[in-house]
Amino acid sequence: MRAKLLWVLAAALGVSACLAYLQHDEFTVPENFPVLEPHEIGPDTPPTTGDELATFGSGCFWCTEAVFRQMKGVKSVVSGYSGGSVKNPTYEQICTGETGHAEVVQVTFEPKVISYPELLELFWRSHDPTTLNRQGRDTGTQYRSVIFYHTERQRILAERYKQKIDEVRVYRAQIVTEIVPFSEFFPAEPEHQNFYANNSRQPYCRIVIGPKLDKLRKVFGEKLKTDPE
């Protein structure tokens, strides 16, 4: 069920009914979530200098963008589309699931402040990477769990981290996150940018995104900005 339809449900049934509907699909990450230790990052993946780009897809980009905007060292987050065959796709085209694109965010970050492995931890903690082409009630390839790596270093780290999470059996099922090379990124329409901050009173933002950010604050604490964008 798309968020726009959820707003209609909330208006027709009341926010409490919409909340009960959404909680059926609430996703909670187990507490024993691993991190990549320094020796696992290794000398074969030296950090870069200057700002770096990362591109992630983890379901609806309204949620993903709000999550990444919270972190210190993240300079900008842009919602958009990657991984498809159509140039400059529209949101309406994406929602058909026929263009091959995923809803993604492109993150510009400072590696000296927040590392790529830390971004990977945030990525895997903030959605369900074991459901193929689905997050909650949102279904279709546009909602797939995917990492578009920009460098060989990003590929290595993403694959190592994915393997470690599966090895320690954090989830009951194996991770289905795609790890594929970055090709093109198309920014989404202006109304989709910084959606949570601009629409915080909407039922979807209060019921879905708000609780997710509350969980994020409990996990990452001092790594979060005191005044996110």
Residue identified as surrounded by fewer than 17 Cβ atoms within 10 Å (Cβ to Cβ), touching a strand residue (DSSP E or B) at 6+ places or on another chain (Cβ under 9 Å) and more than 18 Å from P34 (Cβ to Cβ) among E184, E152: E184
Some residue of segment 140-147 being over 30 Å from N88 (Cβ atoms), charged (D, E, K, R) and modelled with pLDDT of 95 or more: no
Residue that is surrounded by the most Cβ atoms within 10 Å (Cβ to Cβ), among those in segment 65-93 that are in contact with a helix residue (DSSP H, G or I) (Cβ under 8 Å, 6 or more places away or on another chain) and hydroxyl-bearing (S, T, Y): Y81
Selection count, segment 199-223, where residues are surrounded by fewer than 15 Cβ atoms within 10 Å (Cβ to Cβ) and in contact with a strand residue (DSSP E or B) (Cβ under 8 Å, 6 or more places away or on another chain): 1
Selection count where residues are surrounded by 15 or more Cβ atoms within 10 Å (Cβ to Cβ), in a loop (DSSP other than H, G, I, E, B) and of a type in the set (A, V, I, L, M), scope segment 32-50: 1
Single match in I147, I179, I156 (criterion: over 14 Å from the mean Cα position of the chain (by Cα) and among the aliphatic types (A, V, I, L, M)): I156
Segment 94-110: number of residues that are in a strand (DSSP E or B) and either crowded, with 22+ Cβ neighbours inside 10 Å or free of Cβ contacts under 8 Å to residues at least 24 places away in the same chain (or both): 7
Qualifying positions in segment 51-80 - under 23 Å from G140 (Cα atoms) and in a loop (DSSP other than H, G, I, E, B): G59, C60
Residue in segment 51-71 that is more than 16 Å from the chain's Cα centre (by Cα) and in contact (Cβ under 8 Å) with a residue 24 or more places away in the chain present: yes
Candidate set from segment 116-133 (those that are out of contact with any Ser or Thr (no Cβ under 7 Å at 6 or more places or on another chain) and assigned to a loop (DSSP other than H, G, I, E, B)); member that is surrounded by the fewest Cβ atoms within 10 Å (Cβ to Cβ): L132
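Quick check on segment 62-78. Is at least one of its residues over 27 Å from S200 (Cβ atoms) and not hydrophobic (A, V, I, L, M, F, W, C)?
Scanning segment 62-78 turns up no residue that is over 27 Å from S200 (Cβ atoms) and not hydrophobic (A, V, I, L, M, F, W, C).
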Segment 187-198 - residue that is touching a residue at least 60 places away in the same chain (Cβ under 8 Å) and loosely packed, with under 14 Cβ neighbours inside 10 Å and, of those, nearest to G136 (Cα to Cα): A197
Meets criteria (surrounded by fewer than 24 Cβ atoms within 10 Å (Cβ to Cβ), among the β-branched types (V, I, T), touching a residue at least 12 places away in the same chain (Cβ under 8 Å) and over 23 Å from K162 (Cα atoms)) for V113: no
Search result, residues across segment 70-86 that are aliphatic (A, V, I, L, M) and under 21 Å from Y116 (Cα atoms): M71, V74, V77, V78
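The values are calculated or read from the model by the stated rules, or taken from the named source; none is laboratory data. From a predicted model like this one, the values you see are computed outputs, not experimental measurements. In this analysis, Cβ positions are derived from the backbone assuming ideal geometry, glycine residues included, and neighbour counts consider all displayed protein chains.
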